[in-house]
Each structure stands twice: as structure tokens, then as C-alpha cells.
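Asks: Below: one structure in C-alpha cells.
The values are calculated or read from the model by the stated rules, or taken from the named source; none is laboratory data. Nothing here was measured: the structure is a model prediction, and the numbers come from that model. In this analysis, Cβ positions are derived from the backbone assuming ideal geometry, glycine residues included, and neighbour counts consider all displayed protein chains.
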Amino acid sequence: MTDTSPASALDQDPPRRGWPKVDKVWLALLAALLALAVLDRAQLGPSLLFTAQALWDILPFLVASVLIAAWTKATGLDRHVSRVTAGNPARAIGLAALFGALSPFCSCGVVPIIAALLAAGVPLAPVMAFWLASPLMDPQMFLLMLSTFGWPLTLAKTGAAIGLGLLGGAVTQGLVRRDLLGEVLRPGVAPTCCAAKRSLKPEPVAWRFWQAPQRRATFRASGLETGHFLLKWLALAFLVESLMLAWLPAESIGAWLGADAWWAVPLAALAGIPAYLNGYAAVPTVAGLIELGMTPAAGLAFMLAGGVTSIPAAMAVFALVRRRVFALYVGLGLGGALLASLGYLLWAGGGSAG
């Protein structure tokens, strides 16, 4: 998120007159809706309703993250957070993974929280741990899985959520130490160079930022910019999700994964990317597929990979972070899902989930 403080404003070029710049994301969203109206008019209404409902469901988290991000920038707290969270990375990663497994966020819903954390200067390693663990498990999901699958598969997915967070945080920390990732946020999302230089000697936090007109302006500008950025990408992601649910039923893909062969688990992990399922919808679907012959290990891979690296969530992540970080996120999600599922296969022998 760009630094809108007065000092950085002086470094910016004056606005140019002419035609207003068209936002490519909104343009893509409009083009998708027009194409849908022409090619499948019957799906237009359900997709619009699905997108609006999904945005409404995520609105509290979206508003909270936008306000927090704007507040940390207006007070100057964002220049201190990175220092506070930089110590003891192992403990930070462990707590982030554990908290992620207890948080009620889906793969798209966690994106606004991640944006606020990264913009506030929280190190990438604990953020990655939270990012990977959060979509996979929460208390409600635990109870739903327990009633459907029983203890073995439920505990396996819970352990996989925490383990994937720990693994992702540790790998990310190692790469950061070797300076192999570089900048995290994309241009236009990350602070400007001037802001980064000033953060080396941060000023005291102005908790009552509303008393200063310049800080109020920073709060307003940062909030609008962050909110617009997240809203447009999440709207496009949810629209894509609605089309995938309508045109690419999970049952059809799951039917291909019923074979009890060595490639069932890797194929299930890969199939989880296009066959997006939110965690709650995945439970009855996978339960039905297991009854039809899918191994529990393949079902676990399908739920883990789909929860982390689904196309709608990946779209929002791609808009937020640079390519190296995005590739790391996808690689950790797929690799972690595959390792956890193969581990469960060896432990349980691919037997029944109950």
C-alpha cells in the first residue's frame, strides 16, 4: 500500500490531465459479465448473487482489515510492527500456525488479513505460516469432519493444517535469511522507497492521529486505496469461483480419483486446484467420493490442496504479492498437501476414514 504521508506526496509526480485510467481488474470483471450474459444468460443471475453473497459474508473481515491497515499507517505504527515481530522467528511461526488452524477464514477470506499484516510490516515467515494454516481448519470444521469422517481423518487434517503452517513458515524464514525472495508486496501495494527509508528511524506513534489533519488524510487515503484494491480482486475471484462451481462440479473431478493407485494422491492434490471447494462444502462431497471408492488419503489431498491453492484464492494472492512469493505459496500448498496425504496413506494404509 502506498505511503500517502505528506513527505511521500512531495516525491510524487503531479497528476496528469486526460482520459481517466481504466482499472484492468474492473474491466476484466465487466468483460466476464458481458460474456456470461451472451454465452450463458441463465448463469448470470446466480453468479451475481453468489458474488454479492460472498462479498457480504467477507465484509466484516474486509472492513476490519482495511481499518487496521489505515490505522497503522496513520498512527505510524506500521514502522514499528516489523521490529516488534522480528524477534524469535520460531515462536512467531509456531503461534501463527496454531492461530491459523483456529481461525475461521477461508482461502479467499484470509487475503484481506494477510494484506493488512504485510502492509503493517509483519515478517513474511509468520504471515506465510498463518496464511497456509488458516483455510484448512477451524473449530466448526473440526466438529463437522469429526461427525462425518471420525477421528483419524479429522486429526490428520488438523495436524496437516498446523504442520503445513510450520513447514511453510520455516521454509520461508530460510529463504528470507538468504535474501532469495526480495520484496514481498507488488508495486502499488507496498510502501514507497521513501517510506522504507524513513522506517529505519521511525517517529513515535501518534495514537490520536485524528488530531492531525495530515494523518487524518493519510488514514482516509490509505483506507480507500486498500479497500478498493481488495474489493476488486475479491469480486473477480468470487465471480470465477461461482463459474467453477457451476461448470466444473467437484463430483465429476472426484469420480476420476476413485482408483486405488499410486497416482491417486498426487492427482487429487492437483485436482484440488481447479475444483475449488470451500471447507464446509468439501466435507460431504469428499465423504460421498470415499463411499464411491476414493481413498481417504486422496480425499485428504483434495481438501488440503483445494483449500490453499484454489484458483479464486490464487488470483487474489497473485494480485497481492510478487511472483517469487506467489510461486512459494503455491509450491508450499501443493507440496505440503502431497506430503501430508502420503504420510497419512503410510500411517493408515489408505484404510477407511472412520
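Asks: In this structure, does Val66 turn out to be modelled with pLDDT under 70 and within 24 Å of Met128 (Cβ to Cβ)? Walk me through it before giving the result.
Replies: Numbers: modelled with pLDDT under 70: no; within 24 Å of Met128 (Cβ to Cβ): yes.
Here the answer is no, as Val66 does not meet what is asked.
Asks: On the basis of being modelled with pLDDT of 90 or more and surrounded by fewer than 21 Cβ atoms within 10 Å (Cβ to Cβ), does Gly163 make the cut?
Replies: On the way: modelled with pLDDT of 90 or more: yes; surrounded by fewer than 21 Cβ atoms within 10 Å (Cβ to Cβ): yes.
Answer is yes for this residue.
Asks: Let me ask something else. Criterion first (modelled with pLDDT under 90, surrounded by fewer than 14 Cβ atoms within 10 Å (Cβ to Cβ) and assigned to a loop (DSSP other than H, G, I, E, B)) does Pro204 satisfy it?
Replies: On the way: modelled with pLDDT under 90: yes; surrounded by fewer than 14 Cβ atoms within 10 Å (Cβ to Cβ): yes; assigned to a loop (DSSP other than H, G, I, E, B): yes.
So Pro204 passes the test.
Asks: Could you tell me which residue of the range 309-344 is modelled with the highest pLDDT, considering only residues that are farther than 14 Å from Glu241 by Cα and within 10 Å of the chain's Cα centre (by Cα)? Reasoning before the result, please.
Replies: Here is the first cut: in the range 309-344, the ones farther than 14 Å from Glu241 by Cα are 317-344.
The next check asks that each one be within 10 Å of the chain's Cα centre (by Cα); those that pass are 317-318, 320, 329.
Details: Val317: 84, Phe318: 86, Leu320: 86, Tyr329: 93.
The selected residue is Tyr329.
Asks: Got a number for residues in the range 118-153 being part of a helix (DSSP H, G or I) and either free of Cβ contacts under 8 Å to residues at least 12 places away in the same chain or surrounded by fewer than 21 Cβ atoms within 10 Å (Cβ to Cβ) (or both)?
Replies: The initial filter retains those residues of the range 118-153 that are part of a helix (DSSP H, G or I), namely 118-119, 124-136, 139-149, 151-153.
Next, only the ones that are either free of Cβ contacts under 8 Å to residues at least 12 places away in the same chain or surrounded by fewer than 21 Cβ atoms within 10 Å (Cβ to Cβ) (or both) stay: 139-140, 142-144, 146-148, 151-152.
Counting residues in the range 118-153 that are part of a helix (DSSP H, G or I) and either free of Cβ contacts under 8 Å to residues at least 12 places away in the same chain or surrounded by fewer than 21 Cβ atoms within 10 Å (Cβ to Cβ) (or both) gives 10.
Asks: I'm trying to understand the selection: among the residues of the range 29-63, which are more than 25 Å from Arg220 (Cα to Cα) and at pLDDT below 85?
Replies: Matches in the range 29-63: Ala54 only.
Asks: (1) at pLDDT 80 or above; (2) in contact with a Cys (Cβ under 9 Å, 6 or more places away or on another chain); (3) not aromatic (Phe, Trp, Tyr): which one isn't true of Glu241, the others all being true?
Replies: (1)
Asks: A further question follows. What are the residues in the range 75-111 that are outside any helix (DSSP H, G or I) and either in contact with a Lys or Arg (Cβ under 7 Å, 6 or more places away or on another chain) or modelled with pLDDT of 75 or more (or both), if any? Spell out how you get there, then give the answer.
Replies: Here is the first cut: in the range 75-111, the ones outside any helix (DSSP H, G or I) are 76-77, 86-88, 103-109.
Of everything in the range 75-111, just one residue is outside any helix (DSSP H, G or I) and either in contact with a Lys or Arg (Cβ under 7 Å, 6 or more places away or on another chain) or modelled with pLDDT of 75 or more (or both), namely Asn88.
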